[in-house]
Amino acid sequence: MKKTLILGGGIGGIVAANALKKAMGSSMQVTVVDREPNHYFSSSFPLLMIGERKASKITRDLKQLERKKIKVLRSEVIKLDLPGHRVTTDEGDLDYDYLIISLGVEYHQETVPGFSEFALNAYDFNDVIKTNQRLSSFSSGQIVFFISSLPYKCPPAPYEMMFLLDQFFRQRGLRHKVKLTIVTPDFSPEPLASPKVGQSVRKMLNEKNIEIITEAKVLRVEKNALILDHGTKIPADLLLGVAPHWTPEVLRNTDLVDNSGFVDVNLRTLETCYPSVYAIGDATAIRLPVIGAYAPKAGAFAHAQAVVVAKNIISLSKGLKPRFFYKGKGMCMMNTGFGRARYSTVHYYKKPQPYITLLRPTRLAYWAKVAFEKYWFKRWF
Ligand SMILES: Cc1cc2nc3c(=O)[nH]c(=O)nc-3n(C[C@H](O)[C@H](O)[C@H](O)COP(=O)(O)OP(=O)(O)OC[C@H]3O[C@@H](n4cnc5c(N)ncnc54)[C@H](O)[C@@H]3O)c2cc1C
C-alpha cells in the first residue's frame, strides 16, 4: 500500500487528504500531521471579530477526518529528511511514498518591537476572539489596523476587516465617535491588480470614512500609538496588526526554500526539487510570469493546488503519467459590510500581467461567501 504524508491540516492539507482518500480508498494510506488539534476556517475570522460567527462554528476537530479513514496525527513536524523519505515529528519518525507540504506560514510578532505587548494579531484565531471582546466595550476612540510587512496572506482580508468594523460601529450608533485607520506598506490596496481595483477599494474606504496610510514602514508599537519611520506617530486606543509572516522554521532549515525563504516549486505541478515531494499553499514561492513578483497567498489557491497535486499522485500511484496542471486561477469574496460582498476573480499566470477583477458589492456575493463556508465543512469534514 502506498503512503501519502500530508504536513499541515489547514486549507491545502484538508483538501488534498480528502481528494486522495476518496479516490484511492484502502489502496493508499493518507496521514495528516498538524500541531493543532483543530482546523480553523480563517476566511470567517473577520465575521468572528465582529461577533457574527461563534468560534465553534468555524472550527473542526481534525480527528473527525478519521471517520473517512484518514489518519490524523497531532504533533509538531521537527525535521525533514527528504533524500531518506522520512519526516521527524515529536511523536516519532514517519516515512512516505509521496509527501505534500502544506504548512502555511508562521507569525513573528517578536520582530516588531511592542507588537506582542500592545497590539492584537488580526490574523490569529485567539487574538481575533480577544478583539471581539475588546470591541464589545469600545465606545469611542481610534482603531489602527496595520500591516507590518510584505508579503502577507489574503491581501483583501485587512480591508474586509475595516469594512466590517465600520458596519459594527454604525449598527451601534457609535461610528461618529470611532476613527478607523488602516496602515499598509503597499503603495495601494491590492497592488498586483490593475490601478482601477486599487482606486475602487480606496473609494470605498473614503465613502466609509476610513483613513488609509500607504507606503508605511512600521518601526514599533507603543502603548497607545503606532510608530512609523520618519518619526510619524499615530495615536491609537486599539491596535490590530498583521504580524510579519514567513514559512515555518522546519522548512527554512531545508534546501527546499528560495532566498525569500518560501518553498520553490514547479509552477504547474507544485513539485519541489525532490521527486514525489510537493508543496502547496502559503508556504510556496510562486513567481508570476513576466513581472516576476510573488503570487498572492490565499486559501483559494491552496485549494486549487491541493486538487492538482492529489490528482497527479493518484495517477502516479496507478503507474500513469501526471497530467494535471495548476493554472494560477482562483476567486474570492470580500465582505464589505451590511450583507454585501465584492466578488473577485484572479488569473495570476496570465501574461503579460495577472488578471484580477473586483466587482461592485452585491448581496449575491455575500450569500455566495456564506454558502462557501457551509460547503467547506460539509464537504471536507
Ligand atoms: C483573516 C483571514 C481571512 C482570510 N480570508 C480568506 C478568504 O476569504 N479567501 C481565501 O482564499 N483565503 C483567505 N485567507 C487566507 C487563507 O486562510 C490561507 O491562504 C490558507 O489557509 C493557506 O492554506 P495552507 O494550507 O497553505 O496553510 P494553513 O491553512 O495555514 O495550514 C497550515 C497548517 O500547518 C500547521 N503547521 C505549521 N507548522 C507546523 C509544524 N511545524 N508542525 C505541525 N503543524 C504545523 C498549522 O498548524 C496549520 O494548521 C484568509 C486568511 C486570514 C488570516
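The values are calculated or read from the model by the stated rules, or taken from the named source; none is laboratory data. All values derive from a computational prediction rather than experimental measurement. Virtual Cβ from ideal backbone geometry, glycine too; neighbours counted across all protein chains shown.
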For segment 145-154, how many residues meet the condition of being surrounded by fewer than 24 Cβ atoms within 10 Å (Cβ to Cβ) and either free of Cβ contacts under 8 Å to residues at least 40 places away in the same chain or of a type outside the set (S, T, Y) (or both)?
5
A216 passes all but one of the listed conditions (1) part of a strand (DSSP E or B); (2) buried (at least 19 other Cβ atoms within 10 Å of the Cβ); the exception is number (1)
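Just to check your reading of the model, which residue among P361, P354 is modelled with pLDDT under 95, away from the ligand (no atom under 14 Å from the Cβ), within 19 Å of P156 (Cα to Cα) and of a type outside the set (A, V, I, L, M, F, W, C)?
Matching residue, one of P361, P354: P354.
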Among (1) within 30 Å of V218 (Cβ to Cβ); (2) away from the ligand (no atom under 11 Å from the Cβ); (3) out of contact with any His (no Cβ under 7 Å at 6 or more places or on another chain); (4) of a type outside the set (D, E, K, R), Y98 falls short only on (1)
Only residues that are assigned to a helix (DSSP H, G or I) and in contact with a Ser or Thr (Cβ under 8 Å, 6 or more places away or on another chain): list them for segment 283-315, please.
A283, G299, A302, Q305, A306, V308, V309, N312, I313
Restricting to segment 19-50, what's the tally of residues that are in contact with a helix residue (DSSP H, G or I) (Cβ under 9 Å, 6 or more places away or on another chain) and part of a helix (DSSP H, G or I)?
15
Quick check: is even one residue across segment 64-74 within 23 Å of the chain's Cα centre (by Cα) and more than 24 Å from S26 (Cβ to Cβ)?
no
Picking from L80, L73, the residue that is outside any loop (DSSP other than H, G, I, E, B) and farther than 15 Å from A283 by Cβ would be L73
Which residue pairs have Cβ atoms under 8 Å apart, sit 6 or more places apart or on different chains, and have a first residue in segment 285-309 that is within 23 Å of P248 (Cα to Cα) and a second that is among the acidic types (D, E) and more than 9 Å from the ligand (Cβ to nearest atom)?
A285/D258; A285/D264
Is at least one residue of segment 18-26 of a type in the set (K, R) and touching a Leu at 6+ places or on another chain (Cβ under 9 Å)?
yes
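Would you be able to tell me the number of residues in segment 91-105 that are assigned to a strand (DSSP E or B), farther than 20 Å from A306 by Cα and not hydrophobic (A, V, I, L, M, F, W, C)?
Let us first name the residues in segment 91-105 that are assigned to a strand (DSSP E or B), namely 92-95, 98-101.
If we keep only those that are farther than 20 Å from A306 by Cα too, we end up with 92-95.
Add one more test, that the residue is not hydrophobic (A, V, I, L, M, F, W, C), and what stays is 92-93, 95.
Residues flagged as assigned to a strand (DSSP E or B), farther than 20 Å from A306 by Cα and not hydrophobic (A, V, I, L, M, F, W, C) within segment 91-105 amount to 3.
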Restricting attention to segment 212-239, the residues that are of a type in the set (D, E) and touching a residue at least 40 places away in the same chain (Cβ under 8 Å) number exactly 2
One residue from R60, R53 being within 14 Å of the ligand (Cβ to nearest atom), within 26 Å of L240 (Cα to Cα), assigned to a loop (DSSP other than H, G, I, E, B) and at pLDDT 95 or above:
R53
Kindly establish whether K208 is more than 19 Å from the chain's Cα centre (by Cα) and of a type in the set (K, R).
yes
Is one or more of the residues making up segment 248-261 charged (D, E, K, R), surrounded by fewer than 17 Cβ atoms within 10 Å (Cβ to Cβ) and touching a Gly at 6+ places or on another chain (Cβ under 8 Å)?
yes
Among the residues listed as K68, K79, the single one being more than 15 Å from the ligand (Cβ to nearest atom) and at pLDDT 95 or above:
K68
Do we find that Y375 is among the hydroxyl-bearing types (S, T, Y), assigned to a helix (DSSP H, G or I) and either buried (at least 20 other Cβ atoms within 10 Å of the Cβ) or in contact (Cβ under 8 Å) with a residue 12 or more places away in the chain (or both) in this structure?
no
For segment 293-308, state whether one or more residues are crowded, with 24+ Cβ neighbours inside 10 Å, within 14 Å of the ligand (Cβ to nearest atom) and among the β-branched types (V, I, T).
no
Going through segment 212-262 in order, the residues found to be at positive phi and in the same structural domain as F138 (by TED's automatic domain parsing) are E215, H230, G231
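Among the residues of segment 101-113, which ones are within 15 Å of the ligand (Cβ to nearest atom) and of a type in the set (D, E, K, R)? Please lay out each step first, then the result.
Initial filter on segment 101-113 (within 15 Å of the ligand (Cβ to nearest atom)): 101-109.
If the condition is that a residue be within 15 Å of the ligand (Cβ to nearest atom) and of a type in the set (D, E, K, R), then E106 is the only one that fits.
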Within segment 1-16, restricting to residues that are more than 7 Å from the ligand (Cβ to nearest atom) and touching a residue at least 40 places away in the same chain (Cβ under 8 Å), the one that is farthest from S102 (Cα to Cα) is K2
